[in-house]
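So the structure is just underneath, and the comments pick up after that.
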Amino acid sequence: MNRTALTRSSLSSSLHRRQLAPLLAALACPALARAQEAAPVPIPGTTRHDLDSRGGQPFRVFLHVPAGEPPPEGWPMITVLDANAVMGMVVDTIRVLAFLPREAGIRSAAVVAGIGYRTDGPYDLVRRSFDLTPPPGRDMPAAEGRPGARTGGADELLDFIEETVKPLARQSAPIDPSRHAVLGHSFGGLFALHALFTRPGSFRDHVAGSPAIWWEDSAILGSADRFIARTDRPAPLRLLMTVGAYEQSLAPWHDPAWRPRMEMMRMVDGARNLADRLRPLPGLEVGFETLPDDGHMSAFPVAVQRGLRFILAR
């Protein structure tokens, strides 16, 4: 046999062995043969709890406790709304920031309690329309493919957080009672404002991403007026509002038919004007940021990143 034939024979034999290797390995290790049956990747340090409110409303609470030793005074606690959509993002952002906290400008990681629902989807539109909107609420008819819903359940959710979620967190980890925070977007941002104006002792830090200030004829502004007039506000209190620039003007990718609704909602002007009204109040720190490249949905992840640094820096 000549050298060329030997080379071809050796190459063929080598290729044959490489092709057989995965099969032989699978036969030797049956687990490899089941590689398609991959296990889901959980959110690190996070447990899931199906709990009911006092009024019988079913929730799914995601509870994250950081690894390592807590600060001497306990962990800060962040209550996150729409947790089905963003719990993983929130936990991973905190883990990244806390890996080098001094470089990130934060004091520590945090316990996170995510308020969610018993669904595999990112949102339960009917439930959040009730849970995240202030009372008195109203019946909202079905429209544009959206199911009908009842609104006005924010006080019931605040009760659930105080009576059930905070005790669950305290049973799981030491919590700093002076560093409770709430973070929400859209109706969740409206909820954060409602909590600040009506129960300012529940949270120190409030992150309201793209708050729906326009909702129900801007009724939240009446709550703001009463909050401003109070002489017994606890201190310190902190508020960060963020809103996408493309929530009030059309982005290149938007449908022009959306313009009238955007002009009605005035998302940017409403948030900016409210921040200006609140900023002079003693004991209240107010931040406001317009996100130049974002619309309503893309502003949510950015609000999470901005909001977590706002909360954890102090």
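The numbers here are math on the coordinates, done by the rules we state, and not lab data. Because the structure is a prediction, the values reported are computed rather than measured. Cβ: placed from backbone, ideal geometry, glycine included. Neighbour counts: every protein chain shown.
Descriptive notes on the structure:
- The chain - Debye-derived log10 I(q)/I(0), Cα point model, q = 0.09, 0.10, 0.13 Å⁻¹: -0.52, -0.61, -0.94
- The amide H of residue 248, built 1.01 Å from its N in the peptide plane, has 268 as neighbours under 5 Å, considering only residues 5 or more places off or on other chains.
- Hz values of 3J(HN,Hα) by residue in the stretch 128-134 - Karplus curve (6.51, -1.76, 1.60), Gly and Pro given as x: 5, 4, 8, 5, 9, 9, x
- Sorted by Cβ density within 10 Å, fewest first, the residues 253, 258: 253, 258
- Ellipticity at 222 nm from helices only: DSSP H runs of n ≥ 4 in the chain, each -39500 (n - 2.57), divided by the residue count, give -12500 deg cm²/dmol.
- Between the residues 49, 188, 288, the greatest Cα displacement towards the positive end of the dipole of the chain, with unit charges on the Cβ of Lys, Arg, Asp and Glu, is found for 49.
- Crossing angle, helix 187-198 versus the chain [Cα axis fit, 0-90 degrees, rounded to tens]: 40 degrees
- Counting neighbouring Cβ atoms within 10 Å and putting the fewest first, the residues 265, 77 line up as 265, 77.
- Long-range HN-HN contacts of residue 57 with modeled amide H, under 5 Å: none
- Among 212, 303, 224, residue whose mean-square fluctuation peaks in a GNM of the chain (springs only between Cα atoms under 10 Å): 224
- A simple spin-label model places the labels of residue 139 and residue 309 4.7 nm from each other, with each point 7 Å out along Cα-to-Cβ.
- Projecting the Cα atoms of 125, 157, 215 onto the charge dipole of the stretch 109-235 (Cβ charges, centred on the Cα centre) puts 157 farthest toward the positive pole.
- Cα shape, the stretch 103-241, gyration tensor, a/c 1.5 rule: oblate
- A crude spin-label estimate for the pair residue 120 and residue 261, with each label 7 Å from Cα along the Cβ direction, gives 2.8 nm.
- Placing unit charges on each Cβ (+1 for Lys and Arg, -1 for Asp and Glu) gives the chain a dipole about its Cα centre, and among 273, 136, 106 the Cα reaching farthest toward its positive end belongs to 106.
- Kirkwood hydrodynamic radius over Cα pairs of the stretch 92-175, then Stokes diffusion coefficient at 25 °C and 0.890 mPa s, in µm²/s: 158 µm²/s
- Shape class for the stretch 161-314: prolate, because the ratio a/c of the largest to smallest gyration tensor axis (alpha-carbon atoms, square roots of eigenvalues) is 1.5 or more and a/b beats b/c.
- Point-charge dipole on Cβ atoms (K/R +1, D/E -1) for the chain, about Cα centre, debye to 20: 1120 debye
- Each residue in 196, 221, 284 was given a count of other beta-carbon atoms within 10 angstrom of its own, and listing them fewest first yields 221, 284, 196.
- Just checking the listed ones, 183, 193, 291: in the Gaussian network model of the chain with Cα springs under 10 Å, the one fluctuating most is 291.
- At most 13 other Cβ within 10 Å, DSSP loop - GluC sites (Glu not before Pro), the stretch 142-191: 144
- Degrees between helix 83-99 axis and first principal axis of the chain (Cα, 0 to 90, nearest 10): 80 degrees
- With R₀ fixed at 22 Å, the C-beta to C-beta distance from residue 156 to residue 221 puts the FRET efficiency at about 0.50.
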